[in-house]
Amino acid sequence: QVQLVESGGGLVQPGGSLRLSCAASGISIRNCAMGWYRQGPGKQRELVAVNSNGGSTTYADSVKGRFTISRDNAKNTVYLQMNSLKPEDTAVYYCNAQFVIETYWGQGTQITVSS
């Protein structure tokens, strides 16, 4: 059974930083495209960043230059480093694994950016 477990969420002040982790089990992320998505209050889920198993990376325009996705295949874990956080980054953040035509989601972790 594939499981993706996010951690690292919480409350942070504007301008602060957080790092999210997504630990995978039941699947090797080495063979997957790994991504982070988010869903803000009253909004649809949107792509934040995705890292293909070939190494290419795509970011949403709203997070370019502030967020960095990375992976440690040996630890079967993907990360999202978030810097210069803004109130509009407040959302539930979801980890996503894409293997061929199969898609897996984590349960989500809440990020709240507020003073």
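The values are calculated or read from the model by the stated rules, or taken from the named source; none is laboratory data. Keep in mind that this is a model prediction, so the values were computed, not measured. No Cβ is skipped: glycine too gets one built from the backbone with ideal geometry, and neighbour counts run over all protein chains shown. The area values use the complete protein model at the heavy-atom level, side chains included, leaving out ligands, DNA and RNA. Shrake-Rupley method; radii C 1.70, N 1.55, O 1.52, S 1.80 Å.
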Quiz item: Just checking, how many residues over the stretch 102-115 are among the aliphatic types (A, V, I, L, M) and either in contact with a Pro (Cβ under 8 Å, 6 or more places away or on another chain) or within 19 Å of Thr57 (Cα to Cα) (or both)?
Solution: 1
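Do you know which residues across the stretch 54-75 are in contact with a helix residue (DSSP H, G or I) (Cβ under 8 Å, 6 or more places away or on another chain) and closer than 18 Å to Gln3 by Cα?
Residues satisfying the conditions are Arg71, Asn73.
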Quiz item: Right, Ser70: among the small types (Gly, Ala, Ser) and within 18 Å of Gly15 (Cα to Cα) or not?
Solution: no
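In the list Lys43, Lys86, which residue meets the criterion of being farther than 16 Å from Gly9 by Cα and either in contact with a helix residue (DSSP H, G or I) (Cβ under 9 Å, 6 or more places away or on another chain) or open to solvent by 70 Å² or more (accessible area, probe 1.4 Å) (or both)?
Details: Lys86 fails: farther than 16 Å from Gly9 by Cα.
Checking each option against the conditions leaves just Lys43.
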Quiz item: Counting only residues that are over 14 Å from Met82 (Cβ atoms) and modelled with pLDDT of 95 or more, which one in the stretch 46-56 is least open to solvent (accessible area, probe 1.4 Å)?
Solution: Asn51
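Picking from Val63, Val78, which residue would you name as being of a type in the set (A, V, I, L, M, F, W, C), surrounded by 13 or more Cβ atoms within 10 Å (Cβ to Cβ) and over 27 Å from Ser115 (Cβ atoms)? Write out each step before concluding.
Working: Val63 fails: over 27 Å from Ser115 (Cβ atoms).
None of the other options fit; the residue is Val78.
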